[in-house]
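To keep things clear, I will list the structure first and then write my remarks on it.
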Amino acid sequence: MPASTMSFPKIDAFSFVGGEARYVDDLRPPALLHMAVVRSTRAHARIMHLDTAAAMGVPGVVRVLAGPEVATHLQPLPYSFGDPQLLGGRRRRFDALPVDEVRYVGEPIAVVAAENVRAALAGAAAVTAEYADLPAFLDARVFLDGQASGPPEELRSHVVAENRFSSGDAAAAFAAAEHQLRLSFSMQRSSAAPIEPRGYLASWDESTGRLTVHASHQQPFQLREQLAQVMGLAEEAVRIVVPRVGGAFGLKMTGPVEEPLVCLMSRLCQRPVKWIESRAECFLGGGREQYHDVRVAFDGSGRVQAIRDDLVVPIGAESPAPGWRQAFVSAATFPTAYDVPNVEIRSLVVATNEPPWHSIRGFGKEGPVLVMERVMDLVARQLGRDPADVRRTNLVPREAIPHRMPSGYLIDSGDFHAVLDEALALADYERLRVQVRTAGGPDLLEGVGMAFEVVPEGGGHAAGRLTAGVAPTAAAPESATVCIDASGHVQVLSGVTNPGGGNDTALALLAAAELGASRSMVTVVQGDTDRCPPGTGNASSRATSVGGAAVVLAAREVAGELRRSAAAMAGVPAEQVVLRDGAAHLPAGEEVSLAELCRGIVAEGRGSSLSATRSYQPKNLHPGGETDVYRYSYPYFSSGGYVARVAVDPRTGTVVLRGLTVVHDCGRVIDEVLVEGQLQGAMAMGVGLALLESWQADPYGALTTRSFKEYLVARAPELPSFTIGHHAVPTPNTLLGSKGAGESGVGGALAAVVNAVDDALSRAGAPPATTFPLDPPRVLALLAGGGEAP
């Protein structure tokens, strides 16, 4: 299978880097109003009184809405990603604004519309609230005590779900174990942090009864469905348009309450209304926080015989947004790429009085990767073995794939040993191991770490399927329309969206390859519910693997019609016609341009263009009945081997990343440049999680990391050039053999960098790193013999 089909320049690349791309905030229709959000200052309290009179007196303020009035206009918000009861969780009611109780600092309690942003913010500041405080639950680590026997009764009201997965007989394996380890890991809460925060421009047209929303969003069809349901409209009365998006990383999926609120404000004011999220508001949400109490049984060869993990996943306040589902995915992904015969995973999903989780890149899969990779390193350290050998001993062999995980997830394809060995060779691992032990000196500690990552991808649920308590009966398809007009121009309309990574370029590439067209002949349209066929938008690394397959099928249908038309003109069999370089090439050497062919079709009265719409649904071999597809919605697994080299300054605790190498398997690579761009971004995010990123709040639950001054991310000058290799094992579950590349890299880079830092610190006598990120205060604490920063 070739590594890639061809190479196209990225669509509109220069408009992005040149500042010409138009985002939601660049749209300024006449009579525009701006919305600001009034937010709770309490983590948990009853609303005793909310006074909006002063806000209405602020010059420029047009309208103020609070919970009681909003409740008369909007229906309760539905879950945007299916019913938690389908995953063993509980349901609750969500209103767009609270009427009597707030559940976290930053929860919206009112919205203000004004003639300009300054007036809207001034109006929001003039709203006052009186609260009666209620007990706030902010630290879920208390659930780690007594996990095996279940949570104490006084805390049970905070439990959203309990997920348990097992295989073999863990108790017997521990009883017979030659060696055991018990470890505790704490993974911090973190943010998606896209360059462009969320934004919406809602325009209600009273004359037509239609709502048009321009949104920086990943899922326009899901947003249309939810807005129609909440506002009591037919779906056909709602149009969602997604302009250019400046990054998403899961943040911009359906569910936040600002979505229906800005639309309601437009409907009531009879004017366009825009809301653009501030950076502090963007940092309110988060994800990834997990606490693990892990026991491992293993023999003298490093073969892991059993693993038991009691994990607690605090998801913040319950929300209709899909962030909560990441907790299920975390538990279900154990024991990642490893063939562990006895597994017991006991997960508690816990609601707290912190802001709700939002979806975030990695979608819960990075936590298990970090835990399992720390386990492999610490098993190797206890036995005095090479960490690479311990991994080779435990990785699922290629001949055992397809491999069913204890949760029921199915690893469909891969060659884990080959991927790991190629990564080690590409990084020159043996030389690195020698170098880090001889380099530096007392003023510099160097380390090398590795990790292996598997990432279930391709899951998706179509709009219109996820009603309360009803599971979808099949994984969602993606749809595409491909048409050629009388000038020979090709238009691709797709239900997947592009958050900035360039999947539109891959879709154009695939259509052009089927039609024999040049790049200049192809235009891609995405993110418009009036023009595009339905799809899941952008989620779970399926835009090219699944959405691209739909494009290929539609383009093949159009190509077949072109061949038949050319064959009829020349009196030859259609299978002898070759589409290449913008023309149909005939056996005798003649060629007919696609434009000429299309003009002939139009002249025959067969429409103004040649068009086909097709849908594609990946195979999904879930273990139970049809409704199990909701639990086991991932049709393919990507994998990767990672090697990191770091230098640690023991005087300051500063870590410098010297190198990061990956060999990645995403099946057939459609466009190598785009795949590597996705990997580079994900790996940078993983580095940030290992060393810097951490959502922080004060003891009362108020956010303290409100800007990039406090919330630190890995910046380009702090990152080396990444070395990337490919090992393609096509999946049998997609038409193209391609898997995902959008979520891979986060967990692998995170774990490899953590292991490299731990390797460096271990030679200074530091205890194992178990709490993250490994920022300078925590590194200094480890060097001092502890594990927590002062």
Subset of the range 590-605 [more than 41 Å from the chain's Cα centre (by Cα) and either open to solvent by less than 60 Å² (accessible area, probe 1.4 Å) or under 16 Å from SER487 (Cβ atoms) (or both)]
VAL592, SER593, GLU596, LEU597, ARG599, GLY600, ILE601, VAL602, ALA603
Under the condition of being in contact with a Ser or Thr (Cβ under 7 Å, 6 or more places away or on another chain) and within 30 Å of ASP133 (Cα to Cα), which residue from the range 706-728 is least open to solvent (accessible area, probe 1.4 Å)?
TYR711
Identify the residue in the range 605-635 that is modelled with pLDDT of 85 or more and not in a loop (DSSP other than H, G, I, E, B) and, among all such residues, is farthest from PRO534 (Cα to Cα).
LEU610
Name the residue that is nearest to THR723 (Cα to Cα), counting only residues in the range 652-673 that are open to solvent by less than 10 Å² (accessible area, probe 1.4 Å) and of a type in the set (Gly, Ala, Ser).
GLY667
Please verify whether the range 217-238 includes one or more residues that are part of a strand (DSSP E or B), more than 17 Å from ASP25 (Cβ to Cβ) and either open to solvent by 10 Å² or more (accessible area, probe 1.4 Å) or in contact with a strand residue (DSSP E or B) (Cβ under 8 Å, 6 or more places away or on another chain) (or both).
yes
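Say we look at the range 98-134 and pick out the residues that are under 14 Å from ALA317 (Cα atoms) and touching a residue at least 60 places away in the same chain (Cβ under 8 Å); which of these is surrounded by the fewest Cβ atoms within 10 Å (Cβ to Cβ)? First the steps, then the outcome.
Step one: of the range 98-134, the residues under 14 Å from ALA317 (Cα atoms) are 98, 101-108.
From the residues that got through so far, the ones that are touching a residue at least 60 places away in the same chain (Cβ under 8 Å) too are 102-108.
Values: VAL102: 25, ARG103: 24, TYR104: 25, VAL105: 24, GLY106: 24, GLU107: 25, PRO108: 21.
Here the residue is PRO108.
Right, GLU422: assigned to a strand (DSSP E or B), of a type in the set (D, E, K, R) and within 34 Å of the chain's Cα centre (by Cα) or not?
Details: assigned to a strand (DSSP E or B): no; of a type in the set (D, E, K, R): yes; within 34 Å of the chain's Cα centre (by Cα): yes.
For GLU422, the condition - assigned to a strand (DSSP E or B), of a type in the set (D, E, K, R) and within 34 Å of the chain's Cα centre (by Cα) - is not met.
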Which members of the range 299-333 meet the condition of being surrounded by fewer than 24 Cβ atoms within 10 Å (Cβ to Cβ), within 26 Å of ASP83 (Cβ to Cβ) and of a type in the set (Gly, Ala, Ser)?
ALA317
Within the range 291-314, identify whether any single residue is of a type outside the set (Ser, Thr, Tyr), touching a Lys or Arg at 6+ places or on another chain (Cβ under 9 Å), part of a loop (DSSP other than H, G, I, E, B) and not assigned by TED's automatic domain parsing to the domain that holds HIS73, and answer yes or no.
yes
Looking at this structure, is GLY677 open to solvent by 10 Å² or more (accessible area, probe 1.4 Å) and not aromatic (Phe, Trp, Tyr)?
yes
Identify, by number, the condition in (1) open to solvent by 10 Å² or more (accessible area, probe 1.4 Å); (2) in contact with a helix residue (DSSP H, G or I) (Cβ under 9 Å, 6 or more places away or on another chain); (3) in a helix (DSSP H, G or I); (4) of a type in the set (A, V, I, L, M) that ALA559 doesn't meet.
(1)
Exactly one of these conditions fails for LEU689: (1) touching a Pro at 6+ places or on another chain (Cβ under 7 Å); (2) of a type outside the set (Val, Ile, Thr); (3) over 30 Å from ALA136 (Cα atoms). Give me its number.
(3)
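Hey, among the residues in the range 80-124 that are assigned to a strand (DSSP E or B) and modelled with pLDDT under 95, which one's farthest from the chain's Cα centre (by Cα)?
Only one residue fits best here, namely GLY89.
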Conditions (1) within 30 Å of ALA741 (Cβ to Cβ); (2) in a loop (DSSP other than H, G, I, E, B); (3) modelled with pLDDT under 90 -> ALA588 fails only (1)
Which numbered condition trips up VAL448, out of (1) touching a Lys or Arg at 6+ places or on another chain (Cβ under 7 Å); (2) open to solvent by less than 10 Å² (accessible area, probe 1.4 Å)?
(2)
Being surrounded by 13 or more Cβ atoms within 10 Å (Cβ to Cβ) and either part of a loop (DSSP other than H, G, I, E, B) or in contact with a Pro (Cβ under 7 Å, 6 or more places away or on another chain) (or both) is the filter here, so list the residues in the range 8-27 that pass it.
PHE8, LYS10, ILE11, ASP12, ALA21, TYR23, VAL24, LEU27
Suppose we filter the range 489-502 for residues that are at pLDDT below 95 and either among the aromatic types (Phe, Trp, Tyr) or surrounded by fewer than 21 Cβ atoms within 10 Å (Cβ to Cβ) (or both); how many remain?
2
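Is one or more of the residues making up the range 258-266 open to solvent by less than 30 Å² (accessible area, probe 1.4 Å), among the charged types (D, E, K, R), outside any loop (DSSP other than H, G, I, E, B) and touching a Ser or Thr at 6+ places or on another chain (Cβ under 6 Å)? Step through it out loud before you land on a result.
Applying the first criterion (open to solvent by less than 30 Å² (accessible area, probe 1.4 Å)) to the range 258-266 yields 258-266.
From what's left, among the charged types (D, E, K, R): 258-259.
Keeping just the survivors that are outside any loop (DSSP other than H, G, I, E, B) gives 258-259.
Filter once more, so that each one left must be touching a Ser or Thr at 6+ places or on another chain (Cβ under 6 Å): none.
Scanning the range 258-266 turns up no residue that is open to solvent by less than 30 Å² (accessible area, probe 1.4 Å), among the charged types (D, E, K, R), outside any loop (DSSP other than H, G, I, E, B) and touching a Ser or Thr at 6+ places or on another chain (Cβ under 6 Å).
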Go through (1) within 30 Å of ALA45 (Cβ to Cβ); (2) free of Cβ contacts under 8 Å to residues at least 12 places away in the same chain and name the single condition GLY384 misses.
(1)
Please find, within the range 169-216, the residue that is surrounded by the fewest Cβ atoms within 10 Å (Cβ to Cβ) out of those that are touching a residue at least 40 places away in the same chain (Cβ under 8 Å) and β-branched (Val, Ile, Thr).
ILE195
Being β-branched (Val, Ile, Thr), in contact with a helix residue (DSSP H, G or I) (Cβ under 8 Å, 6 or more places away or on another chain) and modelled with pLDDT of 95 or more, is that true of even one residue in the range 253-272?
no
Considering only the range 565-577, I want to know if a residue exists there that is in contact with a Leu (Cβ under 8 Å, 6 or more places away or on another chain), closer than 30 Å to ALA228 by Cα and open to solvent by less than 30 Å² (accessible area, probe 1.4 Å).
no
If we ask which residues in the range 64-95 are farther than 18 Å from ARG39 by Cβ, open to solvent by 30 Å² or more (accessible area, probe 1.4 Å) and touching a helix residue (DSSP H, G or I) at 6+ places or on another chain (Cβ under 7 Å), their number turns out to be 5
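Residues checked against (1) over 30 Å from the mean Cα position of the chain (by Cα); (2) closer than 16 Å to SER694 by Cβ; (3) of a type in the set (Lys, Arg):
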| position | (1), (2), (3) |
| --- | --- |
| GLY725 | no, no, no |
| SER744 | no, no, no |
| ALA749 | no, no, no |
| ALA752 | no, no, no |
| ALA760 | yes, no, no |
| PRO768 | no, no, no |
| VAL779 | no, yes, no |
Within the range 480-492, is even one residue farther than 24 Å from LEU594 by Cα and in a strand (DSSP E or B)?
no
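For the structure I just gave you, tell me whether ALA380 is among the aliphatic types (A, V, I, L, M), outside any loop (DSSP other than H, G, I, E, B) and open to solvent by 10 Å² or more (accessible area, probe 1.4 Å). Give the derivation first.
Details: among the aliphatic types (A, V, I, L, M): yes; outside any loop (DSSP other than H, G, I, E, B): yes; open to solvent by 10 Å² or more (accessible area, probe 1.4 Å): no.
Against the criterion (among the aliphatic types (A, V, I, L, M), outside any loop (DSSP other than H, G, I, E, B) and open to solvent by 10 Å² or more (accessible area, probe 1.4 Å)), ALA380 does not qualify.
The values are calculated or read from the model by the stated rules, or taken from the named source; none is laboratory data. Predicted model, so just to flag it, every value in this text is computed and none were measured. In this analysis, Cβ positions are derived from the backbone assuming ideal geometry, glycine residues included, and neighbour counts consider all displayed protein chains. Note: areas computed on protein heavy atoms with side chains; ligands, DNA, RNA excluded. Shrake-Rupley method; radii C 1.70, N 1.55, O 1.52, S 1.80 Å.
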